[in-house]
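Structure first, commentary second.
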């Protein structure tokens, strides 16, 4: 079943659909249920926050449902006051629809069984809740917790707005951090096999340096740190090899001859057996820098306060 078919079908069984965040939601007997659809993972996820007067009875009902629909249910469990049911996809959308119908029917009957009570997802108390989108996740929240979260949001928002970025100091911090990481990498290179992890030794201090001096992280800062780290890492890789060769020459009685080590390393670049592991090591390091930059870019949202929507029910 495609996403559009899922959306159309969920509407027919009484659910509403959020096109932006791609999930279906509804309210049964005061319970806020959410069903998400993922083509990549081949799963439907149903979640609902609830308390129970009989954990054993609830778990038995979920176990029986899972056994009865074992060809389509990968998991049905109650844990940490959440019911979570995973429905597998099939190649037959009609079967998918029937399974979802069975799921909605099962949950409706479960809510009517009087062994459950709806809970607030923040305080876990049995209170009247609405369904709100906090950041990108739907949450059933009571009025008290909503008011508290909104106050926290306003405080964090004001702090975030007042926190201005200092790009010049940030650049200095990024360069200093990358150089410091490069020095550590060169030192480690002489004693411990790094296997390409030098990229992390350079970019992480670079990010830390930027945030400490620049005060605020942005997409631009992530790109800048990655570029600075990439350049300095390549330089560090070369200097690490030169240092290693200079130490080797000294141990063989040649004295401290950095210029000689440079000549040897430069000459070695024509040897494919020597240059191949160097290229692999450098490429791995640069790859880790890019990956870390992407993760940093994705995670930067956590520096922002989570926006809370209006009640979507």
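Kindly put 82, 65, 44 in sequence by how many other C-beta atoms sit within 10 Å of each C-beta, fewest to most.
82, 65, 44
At an R0 of 35 angstrom, the distance between the Cβ atoms of residue 63 and residue 143 translates into a FRET efficiency of 0.50. Distance from the alpha carbon centroid of segment 1-20 to that of segment 173-242 works out to 47 angstrom.
Its relative contact order, with pairs defined as Cα atoms under 8 Å and 6+ residues apart, puts the chain at 15 percent. Gap in Å between the Cα centre of segment 22-99 and the Cα centre of segment 262-286? Here the answer is 54 Å between Cα centres. Extension gain residue 266-residue 55, at 0.36 nm per residue separation less the Cα-Cα distance, in nm? Full extension of this stretch gives 68.9 nm more.
Over all directions, the average projected area of the alpha-carbon convex hull for segment 3-118 comes to how many nm²?
For segment 3-118, averaging the hull's shadow over all directions gives 6.8 nm².
Placing a pseudo-label 7 Å from each Cα along the Cα-to-Cβ vector at residue 5 and residue 154 gives an inter-label distance of 4.8 nm.
When each of 145, 183 is scored by the number of other beta-carbon atoms lying within 10 Å, the sequence from fewest to most is 183, 145. Is the chain rounded, prolate or oblate when judged by the Cα gyration tensor, a ≥ b ≥ c being the square roots of its eigenvalues, rounded requiring a/c under 1.5 and prolate requiring a/b larger than b/c? In terms of gyration-tensor shape, prolate.
For the pair residue 310 and residue 247, the difference between a 0.36 nm per residue extended length and the Cα-Cα distance amounts to 16.1 nm.
Only the coordinates and a few stated rules stand behind these numbers; no lab work does. None of the values given here were measured: they were computed from a predicted structure. Quick reminder, even Gly has a Cβ in these numbers, built from the backbone with ideal geometry, and neighbours come from all protein chains shown.
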